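What follows is one structure encoded as structure tokens, with my remarks underneath.
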Amino acid sequence: MNSENSINDIRRILIALDASPASQAALELAADLAIRYQAELIGIYVEDINLLRSAEIPFTQEVGFYSASSRQIDISHIERELRAHARRVEQLLASIAQRVNLRWSFRTVRGLIPGELMSAAADTDLIILGKTGWSGGTRIGSTAREVAVRSPIQSLILVHKVCPGSPIMVVYDGSPASQKALIAARRISSPESILTILVLAETKGEAEQLQAQVQARLQEDEINVDFHWVTNIQGDRISQLALNSGCDIVVLLTKSGRFEAENLVAMLDEADCAVLLVR
């Protein structure tokens, strides 16, 4: 699907699976959205070709986490582990999809993880994945970083489980991109959600005009709305506001000209909430 599609047009949701806790949280949210939009869930598990290539290098060894002892890497063992991971995530996807009668499919591919996800995303409307994968920690993983910067479609990047009705924050500056982001925020919100609007404006008068625009757009919706006026959208600023507001999802516009790749990645590094990137 092309990047002009809005969140309204979700028909196929791509979910990147790797059996990590963040990936499982992504699957649960993907299922909730698929129910809402009667969309198809498409699961993909990528066998990392770089991992397999490293195992083929002579004298490459792995060190036990607890024992600190080293041993030769066995490529056949790694391949068995990858297949076992793929079976587990497929079973989890099947269990969730069948329980709520969703259309679903699953495939395993081998290659460079970001590239394979980009290829698979070409025929879908939304890609959902965990922020860190198996790497753990708090900083954005290399796969989520590549998807955030390069994905041709909307991307939803999760840190932990997000429940229906969770508070949502969206940046609004009156541009066509921010109007699209506002639509996306409305579509993923529930009647019990609180929608926090970060009104991006240089002056108070401009902020009041933008707030009036949003109120006019939302006047027929049963959504609880809260407004905050900001003059910039630096990554740490948004992260702090989301934390202070208790928001579980931040909706960002990536085609407004305000977000350079470096700024976007910095924001994702800081974020302790899900981030929906609207193209």
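Order of 239-246, 203-210 by packing, highest average Cβ count within 10 Å first? Could the numbers behind the result be given before it?
On the way: 239-246: 16.0, 203-210: 13.8.
Sorting 239-246, 203-210 by mean packing, highest first, produces 239-246, 203-210.
Excluding residue 224 itself, calculate the net charge of residues whose Cβ lies under 13 Å from the Cβ of residue 224, where each Lys or Arg counts +1 and each Asp or Glu counts -1. Its environment carries a net charge of -3. The reciprocal of the average 1/r between distinct C-alpha atoms defines the Kirkwood hydrodynamic radius, which for the stretch 156-279 equals 14.2 Å.
Scalar couplings 3J(HN,Hα) for the stretch 82-89, obtained by applying the Karplus form with A = 6.51, B = -1.76, C = 1.60 to θ = phi - 60°, are 5, 5, 5, 4, 4, 4, 5, 6 Hz; x denotes Gly and Pro.
Leaving ligands, DNA and RNA out of it, report the carbon-plus-sulfur percent of the accessible area of the stretch 110-248 at a 1.4 Å probe.
Numbers: 3040 of 6350 Å².
Heavy-atom surface of the stretch 110-248 belonging to carbon and sulfur, 1.4 Å probe: 48 percent.
Protection proxy ranking, highest mean first, for peptides 169-176, 79-86, 113-120: 169-176, 113-120, 79-86, where packing is the per-residue count of other beta-carbon atoms within 10 Å, averaged.
Report note on the peptides 16-27, 221-232: ranked by the mean count of other C-beta atoms within 10 Å, highest first, their order is 16-27, 221-232. Per-residue Karplus couplings for the stretch 158-164, computed as 6.51 cos²θ - 1.76 cosθ + 1.60 with θ equal to phi - 60°, are listed in order as 10, 9, 8, 4, 10, 8, x Hz, Gly and Pro entered as x.
Let me check I've understood the local charge: for residue 112, count other residues with C-beta under 15 angstrom from its C-beta, Lys and Arg +1, Asp and Glu -1. What total comes out?
Details: positive: 53, 110, 145, 150; negative: 18, 47, 48, 116, 146.
Cβ neighbours under 15 Å give a net charge of -1.
For the stretch 86-161, the Kirkwood estimate of hydrodynamic radius, built from reciprocal distances between every pair of different alpha carbons, is 13.7 Å.
The values are calculated or read from the model by the stated rules, or taken from the named source; none is laboratory data. Worth saying up front: this structure is predicted, and the values here are computed from it rather than measured. Cβ coordinates were reconstructed from backbone atoms using ideal geometry, including for glycine residues, and neighbour counts include every protein chain displayed. Accessible surface is based on the protein model in full, side chains and every heavy atom, while ligands, DNA and RNA are left aside. Shrake-Rupley method; radii C 1.70, N 1.55, O 1.52, S 1.80 Å.
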